Each structure stands twice: as structure tokens, then as C-alpha cells.
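Notes follow once the structure below has been shown.
Just so it is clear, none of the values below were taken in a lab; they were calculated from the coordinates. Keep in mind it's a predicted model, so treat the numbers as computed, not measured. Reconstructed Cβ throughout: ideal geometry from the backbone, glycine too, with neighbour counts over all protein chains shown.
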Amino acid sequence: MQPIVVASANGAVGIQQAVAILRAGGSAIDAVIAGIKPVEANPDDHSVGYSGLPNLLGEVELDASIMDGRGLRAGSVGALKNHQDAIELARRVMDELPHVLIAGAGAERLAREIGLPEVALLTEASRERWLERFEGRDELAANNSAFFTRIRDIVGNVTRDPELPPPPSGTVNFIALDHQGNLATGVSTSGWAWKYPGRMGDSPIIGAGNYADNRWGAAACTGRGEMAQRCCTAHSVVTFLRFGMPLDEALRTAMIDLRALDDPYASEMNIVALTPDGQPGAASTSRSKTYIYMTVDMDEHIEAPRQFVPFDE
């Protein structure tokens, strides 16, 4: 068994830091945190952390979760504002509170209490992309009552309008296996762009977007989180591994389960996974998606194609 880190492709900016932790004999949890933090700080990634795309009101809200495969400990935060280090806060929930999920004003309060720096998450580049989706900038800027009566319609219209590309909905996933055979998973995101305020997808939901169990394996998801919530997709992959399925089959079966959903907003879904003996794998409903992995004896990560599992086969 060789220590390894698996991540979504946008984790390339942090995978070296994650692997360095494992090389030094560090834990899978520390490796996952080290890998995700640079992604959360990356202004060029508008799907995670700083410079994330905002909700309908122009506010950036972050979700994150972490899970320790040894003992199934977990912590997560949702709808976090004004703090960049969502994954660090999720870890503090796991380590210091008798809870799993803290959201909204409570998450922001905890971030202040433990001394996480406040960060203005909305950059000008993200703000401009937000405004491009709406007509009537003066109305938006004024936040008048007419806008508030429209936002429920807008969240559907920007999703279903065939003249517009679907809203960006990226996330970063990291999974690590350390020298002691412990697995850990971490997920961080700014969520679905132009989402209804307070919306949380699968990223902070243990079992939906994130799951790790030293006995059977680990998995994490990106894409339309509402789909993974309803199918418990990350947990499903681990459960299928527990039933003895090979990794590719476990991934495929979890993806096929999504076809049962009655969902007019159904869109791309992706999974990364890792077995207890260090076998990486990934699946996607898109032919073009890749993932990355790196062992402690590699100098550079490998980018590999994901198994393609279409919705409509």
C-alpha cells in the first residue's frame, strides 16, 4: 500500500502540498487540508473559495466538508460568508464540536471565534460575471423589492434558458491515503452560481458529496449537488465497494442510480474515489472530464480520463 492523493482536476494547484504531507509521514486529514487550501485561495478558480461566483444577491457563500475514514468522524460548514478557509473551519467543527454541520451565521460566528481571517470573497471579476446574467443592473444594485420578488423565478430561468449556458457549479475534491492506511476526504465549493441564498448542495452533506471509511473506501462528488443529495452518491460508491464490487463497477452503478431522478434541472455529475489499497478511480456524465492522482514516489501528478457514464444509456 502506497500513500496517494486523488483529486478533481482543479486540485492541481494543491496536490503537491498534499503529497508533501504524506511524504513526511503526515496524516490523510492533514494532506486533504493542505491540498484544498490553495484551491480556496486561487482567484482563477471561480467555483471554490475566494473569487467564487456569488448567489442571486451577489454574495459568495461557501460550503465544505471533511471526513476521517478512521472512526467515521466528520465536520462540515454551509453558507459561510466572509471567510475563505471553509475546509479549515469544517475540520474545526469535526475536532472541537459535538456536531457535524454548522451553517450560515453560526458558521461565520465560529470562524470569528477561532480566529480565521475575514476575507472579501467577491472579486470584481466574479461580480462582473454575476451581473452578465441579469437585465436591469440598476434594479439589482438597489436591491429593491421588485428584485426580491423575482429571484425565485430567476434561479430557474438562468438554469433552463436554452439561450444561456448552464450556471457554473464546480467544486474541489481531495482524497488521501496515508502510511497508516487511513483514508480522508475533503470537499470545498462556492456552490451553484446564482443559487438561491442559503442553498447548500452535496458538498457539506456527509454521504451525499463526501464519504470515507477505512474498511471499504472513499468517494467525493462534484456537479449538481441536489442529485447527489437525493441518491447519497458518495456513500453509495463506498457501499458498493463494501458489497465487493470492483471500483469501476461501483462508480458506474452509483452513476446509473442518478437516472431514476425526476429532475428538470439534471446536469453534469462527477465522482472521484479511492480504495483502501490505494486504487484511484473516477466517473463522469461528461466525456471530457479528467481527474488527477499522485503517489509519494511521483514527481508530478497524473491526469487521467474519468469513466464515462451517460444519463440516458
Vicinal HN-Hα couplings computed from phi for the range 19-26 (Karplus, 6.51 cos²θ - 1.76 cosθ + 1.60; Hz; Gly/Pro x): 5, 4, 4, 5, 4, 7, x, x
Between 251, 241, 131, where does the largest GNM mean-square fluctuation fall for the chain, given springs only between Cα atoms within less than 10 Å? 131
Taking 0.36 nm per residue of separation and subtracting the Cα-Cα distance, what length does fully extending residue 311 through residue 17 add? 102.3 nm
Do you know the relative contact order of the range 42-127, to the nearest whole percent, from alpha carbon pairs under 8 angstrom that are 6+ apart? 32 percent
So what's the angle, to the nearest 10 degrees on a 0 to 90 scale, between helix 86-96 and the longest Cα principal axis of the chain? 60 degrees
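Is the shape of the range 1-138 rounded, prolate or oblate, going by the alpha carbon gyration tensor and its root eigenvalues a ≥ b ≥ c, with a/c under 1.5 for rounded and a/b larger than b/c for prolate? Present the calculation step by step, with values, prior to reporting the outcome.
Details: a/c = 2.55, a/b = 1.50, b/c = 1.70.
Oblate, because a/c is 1.5 or more while a/b does not exceed b/c.
Rounded, prolate or oblate: which one fits the range 171-230, using the alpha carbon gyration tensor with axes a ≥ b ≥ c (rounded when a/c is under 1.5, else prolate when a/b beats b/c, else oblate)?
Details: a/c = 3.47, a/b = 2.30, b/c = 1.51.
It comes out prolate by the Cα gyration axes.
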Before anything else, pin down the relative contact order of the range 208-289: Cα pairs under 8 Å, at least 6 apart, normalised by residue count, whole percent. 32 percent
With both bridge residues required to lie in the chain, what share of the DSSP beta bridges run antiparallel, to the nearest 5%? 90 percent
For the chain, what mean projected area does the convex hull of the alpha carbons give, in nm²? 15.6 nm²
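Could you tell me whether the range 227-313 comes out rounded, prolate or oblate from its Cα gyration tensor? Rule is a ≥ b ≥ c as square roots of the eigenvalues, rounded for a/c under 1.5, then prolate if a/b exceeds b/c, otherwise oblate.
Working: a/c = 2.48, a/b = 1.50, b/c = 1.65.
In terms of gyration-tensor shape, oblate.
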Compute the helix-to-body angle for 145-160: its Cα long axis versus the longest principal axis of the chain, expressed 0 to 90° and rounded to tens. 50 degrees
Once you place label points 7 Å from the Cα toward the Cβ at residue 123 and residue 300, how far apart are they in nm? 2.5 nm
Helix 104-113 sits at what angle to the longest principal axis of the chain, using alpha carbons and giving 0 to 90 degrees rounded to 10? 60 degrees
Over the chain, what relative contact order in percent results from Cα pairs under 8 Å that are six or more residues apart? 22 percent
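Place a +1 charge on the Cβ of each Lys and Arg in the range 52-95 and a -1 charge on the Cβ of each Asp and Glu, then give the dipole magnitude about the Cα centre in debye, rounded to the nearest 20. Intermediate results must be reported in sequence, preceding the final value.
On the way: 5 positive and 7 negative charges, 38 e Å.
I would put it at about 180 debye.
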